[in-house]
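Computed from the coordinates by the stated procedures, all read-outs in this text should not be read as laboratory data. Note that the structure is a prediction, hence the values are computed from the model and not measured. In this analysis, Cβ positions are derived from the backbone assuming ideal geometry, glycine residues included, and neighbour counts consider all displayed protein chains.
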Amino acid sequence: MIYYSTERKSKEVSFKEAILAGLAPDRGLYMPEEIPLINMNIIADMSFDELAFAVAKKLVDGEISDSDLKKITDDAFNFPVPVKNIHDNIYVLELYHGPTAAFKDFGARFMARVMSHFLGSKKLTILVATSGDTGSAVAKGFFGLPNINVIILYPSGKVSPLQEKQLTTLGHNITALEVDGTFDQCQHLVKEAFMDDEVKSWLELSSANSINIGRLYPQSFYYFHAYNQVKKLGTPIFCTPSGNFGNLTGGLIAKNMGMPVKKFIAATNANDTVPEYLETGVYRARPSVQTVSNAMDVGDPSNFARLKALYADNKSMSHDIIGYKITDAETMETIKSVNEKHHYLLDPHGAVGYKAITEYIAETGDTTTPFVLLETAHPAKFGEVIEKAIGTSPVIPENLQEYLLKEKKSIRMSTDYADFKAYLKSISK
Ligand SMILES: *Cc1c(COP(=O)(O)O)cnc(C)c1O
């Protein structure tokens, strides 16, 4: 399969080249020239593991042998992916049963194994800007790989205490840089480094943000999985709590591969750049605003370039995707009311999605379609917010508890690119 850059100014590459590079030289994002169709009947009764392999095989298109790919998918997805009914026709796809209890485990674990497969004896430095969950999932995904160093940039004081522990306690090939700035500024530093030929002469760089096509693909697998569980009730509407829009793009890839879908709901917090675009046709990038669903605090989502690549114009995009902007007050109220009425504890990101579904139902009167809410993180990752909402703090699952006992190790960094560059030089020796 051939991959092009969304900027259309770099040469076309293979899957291997796209995944190892991350960002294209022209700063575009790689996309497959043609998204392959999959036979929905063949995958109809598959378990998640089988389905992951079958969909990955289509997308990888022969660049990894079947036996190696099977090892990669089996090893990457060694945790359950349940679909549960919250009430009536509202279902939740729980994407938080991986090692860092967030959906980013899917992308990070798959990408890490594929990269390691392709790298052989080459050495690679991965730069990741994170607003919270990306970093921990990526760190854990790459942890212990001998040929890959991971450098994580996170905004100081803007990730949850548990997230910070997850980023800063692994050690070995994982280094955490604590930046005195916002997530967008972290992202900017990373982008700057990728454009810097001098840095690239010191270090072989790659990215692991949701811009990497290797992270994106596995985020399509679970849409198929949820579809299979609810399809007897009708063609579903998926609701994806969104920040950088990688998760939603995963759904669009599934749709382009042939999965029937009635609509996608793109739920955002106050950072509503995309919902605004869907409504007005005008894309206004802006600085991110801090909210209680902090993993979605993104003012200029990278994957918007991919959304644009998949649609001819605003009209066709807004036919498939409807956006909702949810306030913090609504998020808190939703956590509380869903817990009280339906005994289901949502995390702040899932709550944004749930509220968007209720708004959609109120507007359309649609009470028959099955809705699938992507629950992107375990509520215990956001203990402080949950406690504020319901009065008690959630029980922390065992796989998260181990981090809390470990000691934080981070390197402080300003938002000045010269500082970051000096750091990269220091580690290249
Ligand atoms: C990253 C993240 C999101 C947003 O996903 P995108 O792919 O960036 O849109 C939502 N919820 C949680 C918990 C996340 O970690």
Just name the residue that is farthest from PHE77 (Cα to Cα) out of those in the stretch 87-121 that are hydroxyl-bearing (Ser, Thr, Tyr) and part of a loop (DSSP other than H, G, I, E, B). SER121
Determine the pairs where a residue that is farther than 26 Å from GLU178 by Cα, located within the stretch 110-132, has a partner that is within 16 Å of the ligand (Cβ to nearest atom) and assigned to a strand (DSSP E or B) with Cβ atoms under 6 Å apart, the partner being 6 or more residues away or on another chain. none
Kindly evaluate LYS263 against the criterion of being more than 13 Å from SER131 (Cβ to Cβ) and either within 15 Å of the ligand (Cβ to nearest atom) or surrounded by fewer than 18 Cβ atoms within 10 Å (Cβ to Cβ) (or both). no
Which residues, counting only those in the stretch 271-310, are assigned to a loop (DSSP other than H, G, I, E, B), within 14 Å of the ligand (Cβ to nearest atom) and not charged (D, E, K, R)? ASN271, SER288, THR291, VAL292, SER293, VAL298, GLY299, PRO301, SER302, ASN303
Output the residues belonging to the stretch 355-384 that are of a type in the set (Phe, Trp, Tyr), within 14 Å of PHE264 (Cβ to Cβ) and buried (at least 24 other Cβ atoms within 10 Å of the Cβ). PHE371
Report yes if LYS165 is surrounded by fewer than 24 Cβ atoms within 10 Å (Cβ to Cβ), among the basic types (Lys, Arg), assigned to a helix (DSSP H, G or I) and within 16 Å of the ligand (Cβ to nearest atom), otherwise no. yes
Restricting attention to the stretch 133-167, which residues are over 21 Å from LEU23 (Cα atoms), touching a residue at least 40 places away in the same chain (Cβ under 8 Å), in contact with a Leu (Cβ under 9 Å, 6 or more places away or on another chain) and aliphatic (A, V, I, L, M)? VAL159, LEU162
Here the residues within the stretch 118-156 that are among the charged types (D, E, K, R) and more than 14 Å from the ligand (Cβ to nearest atom) are LYS122, LYS123
Scope the stretch 311-330; condition more than 14 Å from the ligand (Cβ to nearest atom) and in contact (Cβ under 8 Å) with a residue 60 or more places away in the chain; matching residues: ASP320
Candidates ASP49, ASP74, ASP105, filtered to the one that is of a type outside the set (S, T, N, Q), more than 15 Å from SER220 (Cα to Cα) and out of contact with any Leu (no Cβ under 7 Å at 6 or more places or on another chain): ASP74
Filter the stretch 331-343 down to residues that are under 26 Å from ASN244 (Cβ atoms) and buried (at least 19 other Cβ atoms within 10 Å of the Cβ) and give me whichever is farthest from the ligand (Cβ to nearest atom). VAL338
Keeping to the stretch 12-31, report how many residues are touching a residue at least 40 places away in the same chain (Cβ under 8 Å) and either at positive phi or surrounded by fewer than 19 Cβ atoms within 10 Å (Cβ to Cβ) (or both). 4
Can you name every residue in the stretch 389-429 that is surrounded by 14 or more Cβ atoms within 10 Å (Cβ to Cβ), assigned to a helix (DSSP H, G or I) and free of Cβ contacts under 8 Å to residues at least 60 places away in the same chain? ALA389, ILE390, ASP419
Would you confirm, using the coordinates I've provided, whether VAL159 is outside any helix (DSSP H, G or I), closer than 27 Å to TYR403 by Cα, within 16 Å of the ligand (Cβ to nearest atom) and β-branched (Val, Ile, Thr)? yes
Do you know which of the residues in the stretch 245-260 that are crowded, with 24+ Cβ neighbours inside 10 Å and of a type in the set (S, T, N, Q) is farthest from the ligand (Cβ to nearest atom)? THR249
